1. Go through the stretch 215-237 residue by residue and tally those that are among the hydroxyl-bearing types (Ser, Thr, Tyr) and either open to solvent by less than 20 Å² (accessible area, probe 1.4 Å) or not in a loop (DSSP other than H, G, I, E, B) (or both).
2. Going through 202, 185 one at a time, which residue ends up being buried (at least 19 other Cβ atoms within 10 Å of the Cβ) and charged (D, E, K, R)?
3. Scan the stretch 194-221 residue by residue and report those that are touching a residue at least 40 places away in the same chain (Cβ under 8 Å) and more than 19 Å from the chain's Cα centre (by Cα).
4. Among the residues of the stretch 36-63, count how many are in a loop (DSSP other than H, G, I, E, B) and either more than 15 Å from residue 6 (Cα to Cα) or not aliphatic (A, V, I, L, M) (or both).
5. Among 115, 106, 124, which is aliphatic (A, V, I, L, M), farther than 23 Å from residue 237 by Cβ and modelled with pLDDT under 80?
6. I'm checking my understanding of the structure. Among residues of the stretch 163-178 that are in contact (Cβ under 8 Å) with a residue 40 or more places away in the chain and touching a strand residue (DSSP E or B) at 6+ places or on another chain (Cβ under 6 Å), which one is surrounded by the fewest Cβ atoms within 10 Å (Cβ to Cβ)?
Amino acid sequence: MSDKSISDLIQSILDKNKGFMTISKLMASLSKDAKSQLGIKSGDTGKIIRHKLEQSLSDCFMFSAKGRIVYILTPCEPSELVLNLLSPKKALDTRTISSLPFTKAVFISIINDLVDEGKAKIKVDDKFIRPKFFSVEANKIQAVKIESSKNKSDDTGDYTREKFREAFDSLDKGRIFVRICDLRRKLGWPREVFDEMIRKLRNEVIIGIYIADESVMTQDELNDCFVDENNYRMGTVAWNVK
């Protein structure tokens, strides 16, 4: 079995699962032969399996972590995955959002962008408790080409995602979350360049960003946070793909 046929097999599995699934469910769907071709052994831990999948398939698929759960995603824009779950008649409500491979903050950003673009609409019940999300018309995932990032920088000059990651790692020190104000100061990039990198990595589900706790931050620290498209002040960042 070739690498290409394994990729095709995984793509067909994802197509039947709305374009994404957890790695554990993917493992349950793969044959022993496919696992062998990927170098996955029966005693491998989840962390090892994730590493082997990323090494073998990073040019073909995307990976996202939400808490301890790791997802494999078909190569498309994150908004396409959300649209694929919506229809003009069937709603996606807050009770099913938890199954998405996105954090709450990322989902809110995606759905607001879709509403602004006229691709989705929101309805609420009479108590304003559970908003429901519909698409304006039927949708189909449009695949995009995912290029390897192992030996590539798709950014220019001194403002690359590699340098962004290096700065993140230098501040991380095992805490998982890094304050955006500290990362901004560490890099010293122009404000608009730094913010654009945050947006790009967030939209590619490479990082997750989270609302700032303003009660424990100085005004200067708040000023150096990241303000998203919905005017939320985001204070911390976590790297989803290792």
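The values are calculated or read from the model by the stated rules, or taken from the named source; none is laboratory data. Note that the structure is predicted; figures quoted are calculated from it, not measured. Because the Cβ atoms are built from the backbone with ideal geometry, glycine has one as well, and the counts that use them run over all protein chains shown. Please note that ligands, DNA and RNA were not included when accessible areas were found on the heavy atoms of the full protein model with its side chains. Shrake-Rupley method; radii C 1.70, N 1.55, O 1.52, S 1.80 Å.
1. Within the stretch 215-237, the first condition is being among the hydroxyl-bearing types (Ser, Thr, Tyr), and the residues that meet it are 215, 218, 232, 236.
If we keep only those that are either open to solvent by less than 20 Å² (accessible area, probe 1.4 Å) or not in a loop (DSSP other than H, G, I, E, B) (or both) as well, we get 215, 236.
Number satisfying all stated conditions: 2.
2. Details: 185 fails: buried (at least 19 other Cβ atoms within 10 Å of the Cβ).
Going through 202, 185 in turn, the sole match is 202.
3. The one that is touching a residue at least 40 places away in the same chain (Cβ under 8 Å) and more than 19 Å from the chain's Cα centre (by Cα): 221.
4. Start the filter on the stretch 36-63 by keeping residues that are in a loop (DSSP other than H, G, I, E, B), which leaves 38-45, 58-61.
Filter again for either more than 15 Å from residue 6 (Cα to Cα) or not aliphatic (A, V, I, L, M) (or both), leaving 39, 41-45, 58-61.
Result for the stretch 36-63: 10.
5. Details: 115 fails: modelled with pLDDT under 80; 106 fails: farther than 23 Å from residue 237 by Cβ.
It is 124.
6. Here is the first cut: in the stretch 163-178, the ones in contact (Cβ under 8 Å) with a residue 40 or more places away in the chain are 165, 168, 172, 176-178.
Filter once more, so that each one left must be touching a strand residue (DSSP E or B) at 6+ places or on another chain (Cβ under 6 Å): 168, 172, 176-178.
Values: 168: 20, 172: 16, 176: 10, 177: 15, 178: 21.
Applying the filter and picking the extreme gives 176.
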